[in-house]
Amino acid sequence: MTTGARRRMGVEERRQQLIGVALELFSRRSPEDVSIDEIAAAAGISRPLVYHYFPGKQSLYEAALRRAADELAARFVEPRRGPLGARLLRVMGRFFDFVEEHGPGFSALMRGGPAVGSTATNAMIDEVRQAAYEQILAHLGVTDPPARLELVVRSWVSLAESTALLWLDGRRIPREELQLQLVHDFAALAAVSAAYDGEMASLLIHMLADEPADGPFGDLVDRLATLLTKIPAVTAQTPV
């Protein structure tokens, strides 16, 4: 009886295998808790062979981070079809899918990990944030954003990131609620900015023009309307 010989991988194929294995391990545990020995064992090769392809764990971590960053940036890509609220809700669904799939690694990256502070790592994090920012502008159909719109979009991207990190700590709020709330947050940030600026007001009117009553933005209007009906009663009960 004979058995087939194990196929020998080429250099680039082996590198990609190691990156995939490392990303999988970093997704389950914080990167500083994963050893080169574990990566080698999971890849079915020796520890020295890992060092043949990568000079150390940090370089392998950065390579895995590069793949994860590209994947995360792609989660914000959405065809410009249909109402904006529904598009943003789909984007948030894919974003939280990524956060769930790569929880410990995502948390370690944003809060501090073995490669954080390096020029390469900081650049990759900034690339993801910039890609998200540019995708949101594309959804709005804006190529030259005014200062207030840039502030709104960048603030919202930062809010989504910090919300995801807090959610990972205990998942005390259902993620579906947070996804919808973040879409509402975007509309709320835009609305507050519109109250101060005519250009933002025009953009907000355009943004809401085609929104259905049963969409995410319509849901926000209903919630706020219900809340506003309660405010006079609360005011009346407040002693002077």
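The values are calculated or read from the model by the stated rules, or taken from the named source; none is laboratory data. Note that the structure is a prediction, hence the values are computed from the model and not measured. Please note: Cβ atoms are built from the backbone with ideal geometry, for glycine as well, and neighbour counts cover all protein chains shown. Keep in mind that these areas ignore ligands, DNA and RNA; they rest on the heavy atoms of the full protein, side chains included. Shrake-Rupley method; radii C 1.70, N 1.55, O 1.52, S 1.80 Å.
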All-but-one check, residue 153 against (1) modelled with pLDDT of 95 or more; (2) loosely packed, with under 14 Cβ neighbours inside 10 Å; (3) among the β-branched types (Val, Ile, Thr), failing number (2)
Quick test for you: out of 76, 95, 106, pick the one residue that is closer than 12 Å to residue 27 by Cβ, within 12 Å of the chain's Cα centre (by Cα) and aromatic (Phe, Trp, Tyr). 106
Where residue 147 falls short, out of the listed (1) more than 24 Å from the chain's Cα centre (by Cα); (2) loosely packed, with under 13 Cβ neighbours inside 10 Å: (1)
Within segment 107-143, of all residues that are outside any helix (DSSP H, G or I) and at pLDDT 75 or above, the one surrounded by the most Cβ atoms within 10 Å (Cβ to Cβ) is 142
Against the definition (open to solvent by less than 50 Å² (accessible area, probe 1.4 Å) and closer than 25 Å to residue 215 by Cα), how does residue 178 come out, yes or no? yes
Evaluation of residue 80 against (1) open to solvent by 20 Å² or more (accessible area, probe 1.4 Å); (2) part of a helix (DSSP H, G or I); (3) more than 16 Å from residue 161 (Cβ to Cβ); (4) touching a residue at least 60 places away in the same chain (Cβ under 8 Å) (one fails), failing number: (2)
What are the residue pairs meeting all of these: first residue in segment 158-169, first residue more than 11 Å from residue 182 (Cβ to Cβ), second residue among the aliphatic types (A, V, I, L, M), Cβ atoms under 6 Å, and 6 or more apart or on different chains? 165/110
